[in-house]
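To keep things clear, I will list the structure first and then write my remarks on it.
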Amino acid sequence: MGRCIGIDLGTKRVGLALSDSLNIIASPFKTLTFIDNDDLVSKLSNIINDNNVKTIILGLPLNMSGVDTEQTKKVRSFKDSLTKLNIPILFEDERLSSVSAKKSLIMQNVKTGHNKAEIDRTAAAIILQQFLDKKI
């Protein structure tokens, strides 16, 4: 059984999280910067191969009414770019994941003001954990 990778796609950075080998627990992994979708897919390809990832969980940023936003369209377009990796790609609702990530880090006494990369990684872990919890 392969691992899952959670992706929180932003305009400048992408937060990543990995599941454990049993796909029970999600952990923040890293934050990447990227130039365009092709650059990011190339970077993700290496991470996916190095970590035995078999499924991509992509955060879908709907607004609070469940309607697509401009960022939602970018994420859907990015999914099309990811198809060349030939592994399943699933969407997970990411509403409030960044807010939850920031609150979680504050509770751990992590300063969040200039630590957007940590917030992105943690948001990806929240998105991935939501997905994993549905499978139990």
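See the values below:
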| item | result |
| --- | --- |
| Estimated vicinal HN-Hα couplings, Hz - segment 13-29 in sequence order (Karplus 6.51, -1.76, 1.60; Gly, Pro = x) | 10, 10, x, 10, 9, 10, 7, 6, 5, 8, 6, 10, 10, 9, 10, x, 10 |
| Of Lys12/Lys73; Lys12/Lys74; Lys74/Lys134, pairs whose Cα-Cα distance is over 18 Å | Lys74/Lys134 |
| Integer Hz, Karplus 6.51/-1.76/1.60 couplings in order for segment 76-82, x for Gly and Pro | 4, 5, 5, 4, 4, 5, 6 |
| Pair Ser42, Asp133: separation of 7 Å Cα→Cβ label points (nm) | 3.8 |
| Extension gain, Ile89 back to Asn49 (0.36 nm per residue minus Cα-Cα distance, nm) | 12.9 nm |
| Amide H within-cut-off set for Leu62, under 5 Å, with H built and near neighbours excluded | Glu94, Arg95 |
| Within straight-line cross-link reach of Lys43, aspartates and glutamates at Cα separation under 18 Å, skipping those fewer than 8 residues along the same chain | Asp8, Asp80, Asp120 |
| Chain lengthening between Lys30 and Lys73 when straightened (0.36 nm per residue, less Cα-Cα) | 13.1 nm |
| Ordering of 123-132, 81-90 by packing [mean C-beta count within 10 Å, highest first] | 123-132, 81-90 |
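Read the figures in this text as sums done on the coordinates, not as results from a lab. In this text the structure is predicted, and so the values were computed from the model without any measurement. No Cβ is skipped: glycine too gets one built from the backbone with ideal geometry, and neighbour counts run over all protein chains shown.
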